[in-house]
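The values are calculated or read from the model by the stated rules, or taken from the named source; none is laboratory data. Being a predicted model, the structure only gives us computed values, none of them experimental. Backbone-built Cβ (ideal geometry, glycine too); neighbour counts: all protein chains shown.
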Amino acid sequence: MTSYKHACAGIHVTGSSAAEVKRCICQTGWKMSLGSTVYRALFRRTSTFALTIVVGAVVFERAFDQGADALYEHINRGKLWNHIKHKYEQSDE
């Protein structure tokens, strides 16, 4: 008697062929995990892996920069020029 284990699902089926194991998994509605989906979409090929790293770095840099600016503005509220310039500007009216 042969025992098969499907690599992704971790299901043991005894006495069946590998094709029957695959069909069984597909019929039960088993879905791939998030990790394997991300791997297949982004990290499987070197070109998509490099592109993922570059895009991730750009997005992280923008988010970090905006977050740091917002925190700085919050901590220094009322001390920065754009917060107090209305007190010192003269209107021409």
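From the residues in the stretch 51-93 that are more than 14 Å from the chain's Cα centre (by Cα) and small (Gly, Ala, Ser), which one is modelled with the lowest pLDDT? Don't jump to the end; show me each part of the working.
Going through the stretch 51-93, the residues more than 14 Å from the chain's Cα centre (by Cα) turn out to be 61-62, 64-93.
Within this subset, residues satisfying the condition of being small (Gly, Ala, Ser) are 67-68, 70, 78, 91.
On the way: GLY67: 98, ALA68: 98, ALA70: 96, GLY78: 90, SER91: 74.
Ranking the candidates gives SER91 first.
VAL38: surrounded by 10 or more Cβ atoms within 10 Å (Cβ to Cβ), at pLDDT 90 or above and in a helix (DSSP H, G or I), yes or no? It would help to see each step written out before you state the result.
Working: surrounded by 10 or more Cβ atoms within 10 Å (Cβ to Cβ): yes; at pLDDT 90 or above: no; in a helix (DSSP H, G or I): yes.
Against the criterion (surrounded by 10 or more Cβ atoms within 10 Å (Cβ to Cβ), at pLDDT 90 or above and in a helix (DSSP H, G or I)), VAL38 does not qualify.
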